[in-house]
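> One structure coming up, written as structure tokens, with questions to follow.
The values are calculated or read from the model by the stated rules, or taken from the named source; none is laboratory data. Since the structure is predicted, the reported quantities are computational estimates derived from the model, not experimental observations. Glycine also receives a Cβ, built like all others from the backbone with ideal geometry; neighbour counts cover every protein chain displayed.
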């Protein structure tokens, strides 16, 4: 009788210990499933793409046009990615397009012409593109 009770106890413990704890969906798993559903059903893609973020935060975030050295004498340094200035080692800062009222300068939108900066709107002397109001982001 004792051996039967021990056998039942061990079997129950073994069964409980082998349960799949990953059966509970995690937040990452849920987002992945929503993403798959959105790809298969475009009608819900709008709903899924807006899940989990604040629109105010998204509207305030801006994409860097390029990164440059904050030193005026190194304004010719530009990169598509954050990093350090190869001349002085300072961290490169993002240059973003802003409204004219917020602009620090007007610059050519082409990263290779990042050295072109003016106090007012005009054309890039190297490529003829319209200069955009820009700001060195902090």
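> Exactly one of (1) at pLDDT below 60; (2) touching a strand residue (DSSP E or B) at 6+ places or on another chain (Cβ under 9 Å) is unmet by residue 105. Its number?
For residue 105, the exception is condition (1).
> Which members of segment 71-82 meet the condition of being farther than 18 Å from residue 133 by Cβ and surrounded by 12 or more Cβ atoms within 10 Å (Cβ to Cβ)?
Those that are farther than 18 Å from residue 133 by Cβ and surrounded by 12 or more Cβ atoms within 10 Å (Cβ to Cβ): 71, 74, 76, 77, 79.
> State yes or no: is residue 94 at pLDDT 90 or above, in contact with a helix residue (DSSP H, G or I) (Cβ under 6 Å, 6 or more places away or on another chain) and either in a strand (DSSP E or B) or crowded, with 17+ Cβ neighbours inside 10 Å (or both)?
no
> Sticking with this one: What are the residues in segment 58-79 that are over 23 Å from residue 119 (Cβ atoms), in contact with a strand residue (DSSP E or B) (Cβ under 8 Å, 6 or more places away or on another chain) and either at pLDDT 90 or above or outside any loop (DSSP other than H, G, I, E, B) (or both), if any?
Selection gives 79 alone.
> Any residue in segment 114-123 that is loosely packed, with under 15 Cβ neighbours inside 10 Å and either without any contact (Cβ under 8 Å) to a residue 12 or more places away in the chain or outside any loop (DSSP other than H, G, I, E, B) (or both)?
Within segment 114-123, one or more residues are loosely packed, with under 15 Cβ neighbours inside 10 Å and either without any contact (Cβ under 8 Å) to a residue 12 or more places away in the chain or outside any loop (DSSP other than H, G, I, E, B) (or both).
> Identify the single condition in (1) surrounded by fewer than 18 Cβ atoms within 10 Å (Cβ to Cβ); (2) modelled with pLDDT of 90 or more; (3) within 23 Å of the chain's Cα centre (by Cα) that residue 54 does not satisfy, given that it satisfies every other one.
Just one mismatch for residue 54, condition (2).
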